[in-house]
Amino acid sequence: MTDDPRVLSGIQPSGESMQLGNYLGAVRNWVTMQDGYEAYYCVVDLHSITLEAPEPAVLTQRTRIVAAQLLAAGLDPDRCTLFVQSHLPEHPQLSWVLECITGFGEASRMTQFKDKSARAGAERQGVGLFTYPILQAADILLYQANYVPIGEDQRQHLELTRDLAKRFNARYGQAFTIPDAHIGKDAAKILDLQDPSAKMSKSRPSAGTVYLSEEPAAITRKIKRAVTDADGEIRYDPEHKPGLSNLMAILAEFGSTNVQQIEKDFSGQGYGALKAATADAVVEFAQPFAARTKELLTDPAELDRILAKGAAKARQTAGRTVADVYKRVGFLPPSNLES
Ligand code: TYM
């Protein structure tokens, strides 16, 4: 343990690869926040069964894939604690207590729950989708995180987390640190390339989602076919030109530049040139990233070892929080048979 501020974030092992939005909106910041912070990052497999029930072997493999991708993106197990959520029973243990202080109406107002359950049909949807944000709150509060690097779509879940932490603290004393969201600027909401009114997502398959494990030709094709607008002017204007502005944000991030510079560089050129440059910049990142991921996946035992070490480290912090919370709530401590 250090005195550095704490960071926690999570990613679901849904799909066969993370998508561009996961990387730009969140994971890239996870990598930078390994320095100067005590960082905890988890693959949230418990969350990933709320929407669908993947084949067991598929879920196992996806968990290893995401872990490998996080390492390929630059997470270093010596500088952060990387672990799998289901390895720590402390997550559901804290989640239960938080569920009991969450209002039914409060949970019903979560927009992600409303959107996702509307798609599946509320009657058919499992209760886990409803309690999803409360488990997320537990993930964060267990580690006393000060900052949570996430995309814009998670802002509301972070607000709920803060509310629950304050409520618990007010009733039982200072058990939890109140976390702040760490949300980037232009890349906090990467849009679907085919439907710029929606965010890019891995749980909703679309030709407008770019997966970081895709072949260069497929990435280039998707970017070249991105929906833009008809006025032909290269101008960053997310409100009126969402498709084009999205491409500019992607190019800015991968090309280490900014949208103002891109406006200047591409002024007077057509969208084709901008799309080609964007595709090249993404491929330049994705190719070595995919190769490194593949290499890491050839040694699953080593990956599992890294994750086991991470879980052991995470447990020291999480176990302390659960013990404190359970004591504050007044649960009778289990007595030790040996004494
Ligand atoms: P997940 O796996 O859906 O997303 C992982 C991260 O990627 C961000 N993200 C995006 N950012 C920008 N543009 C996009 N199109 C885009 N799509 C996804 C998400 O905001 C997220 O930061 N509920 C979380 C998982 C979670 C979690 C946690 C996060 C569970 N427990 C505790 C933080 C702390 C999620 O959305 O995962």
In the stretch 195-237, the residues that are under 30 Å from LEU51 (Cβ atoms) and charged (D, E, K, R):
ASP195, LYS199, LYS202, ARG204, GLU214, GLU215, ARG221, LYS222, ARG225
In the stretch 155-175, residues that are under 21 Å from LYS327 (Cα atoms) and touching a helix residue (DSSP H, G or I) at 6+ places or on another chain (Cβ under 7 Å) total 6
What is the number of the single condition among (1) touching a Phe, Trp or Tyr at 6+ places or on another chain (Cβ under 7 Å); (2) closer than 26 Å to LYS313 by Cα; (3) outside any helix (DSSP H, G or I) that VAL148 does not meet?
(1)
Mind checking whether some residue in the stretch 96-112 is within 11 Å of the ligand (Cβ to nearest atom), in contact (Cβ under 8 Å) with a residue 12 or more places away in the chain and surrounded by fewer than 17 Cβ atoms within 10 Å (Cβ to Cβ)?
yes
Residue ID - nearest to the ligand (Cβ to nearest atom), chosen from residues in the stretch 17-29 that are open to solvent by 20 Å² or more (accessible area, probe 1.4 Å) and polar (S, T, N, Q)
ASN22
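Every residue, every condition in (1) open to solvent by 50 Å² or more (accessible area, probe 1.4 Å); (2) under 28 Å from ALA67 (Cβ atoms); (3) touching a Ser or Thr at 6+ places or on another chain (Cβ under 9 Å); (4) assigned to a loop (DSSP other than H, G, I, E, B), yes or no:
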| residue | (1), (2), (3), (4) |
| --- | --- |
| ASP237 | no, no, yes, yes |
| GLN269 | yes, no, no, yes |
| ASP280 | yes, no, yes, no |
| ALA286 | no, yes, yes, no |
The stretch 178-189, subset in contact with a strand residue (DSSP E or B) (Cβ under 7 Å, 6 or more places away or on another chain) and outside any strand (DSSP E or B), residue nearest to GLN144 (Cα to Cα)
PRO179
Of the residues LEU59, LEU71, which single one is farther than 19 Å from SER203 by Cβ and either in contact with a strand residue (DSSP E or B) (Cβ under 8 Å, 6 or more places away or on another chain) or part of a helix (DSSP H, G or I) (or both)?
LEU71
So TYR147 clears everything in (1) under 30 Å from GLN93 (Cβ atoms); (2) open to solvent by 40 Å² or more (accessible area, probe 1.4 Å); (3) more than 16 Å from the chain's Cα centre (by Cα); (4) in contact (Cβ under 8 Å) with a residue 24 or more places away in the chain except one condition, right? Which one?
(3)
When restricted to SER9, SER14, the only residue surrounded by 20 or more Cβ atoms within 10 Å (Cβ to Cβ), at pLDDT 95 or above and near the ligand (Cβ under 9 Å from one of its atoms) is SER9
Residue among ASP76, ASP45 that alone is open to solvent by less than 30 Å² (accessible area, probe 1.4 Å), among the charged types (D, E, K, R) and either near the ligand (Cβ under 9 Å from one of its atoms) or modelled with pLDDT of 95 or more (or both):
ASP45
If we keep just the residues of the stretch 197-228 that are farther than 18 Å from MET18 by Cα and assigned to a loop (DSSP other than H, G, I, E, B), which is nearest to the chain's Cα centre (by Cα)?
SER197
Among ALA175, ALA207, ALA187, which is aliphatic (A, V, I, L, M) and within 14 Å of the ligand (Cβ to nearest atom)?
ALA187
Residues (of a type in the set (Asp, Glu) and either buried (at least 22 other Cβ atoms within 10 Å of the Cβ) or at pLDDT 95 or above (or both)) located in the stretch 48-73:
GLU55
If you take the residues in the stretch 30-42 that are away from the ligand (no atom under 13 Å from the Cβ) and of a type outside the set (Val, Ile, Thr), which one is farthest from PHE254 (Cα to Cα)?
GLU38
Matching residues, the stretch 293-339, being surrounded by 17 or more Cβ atoms within 10 Å (Cβ to Cβ), more than 25 Å from the chain's Cα centre (by Cα) and either among the polar types (S, T, N, Q) or under 22 Å from ARG79 (Cβ atoms) (or both)
none
Out of the residues in the stretch 164-196 that are among the charged types (D, E, K, R) and open to solvent by less than 60 Å² (accessible area, probe 1.4 Å), state the one that is nearest to GLN19 (Cα to Cα).
ASP192
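The values are calculated or read from the model by the stated rules, or taken from the named source; none is laboratory data. Everything numeric in this text was worked out from a predicted model, so none of it was measured. A quick note on method: Cβ atoms are made from the backbone with ideal geometry, for glycine too, and the neighbour counts reach across all protein chains shown. To get the accessible areas, we keep the full protein, side chains included, count just its heavy atoms, and leave off ligands, DNA and RNA. Shrake-Rupley method; radii C 1.70, N 1.55, O 1.52, S 1.80 Å.
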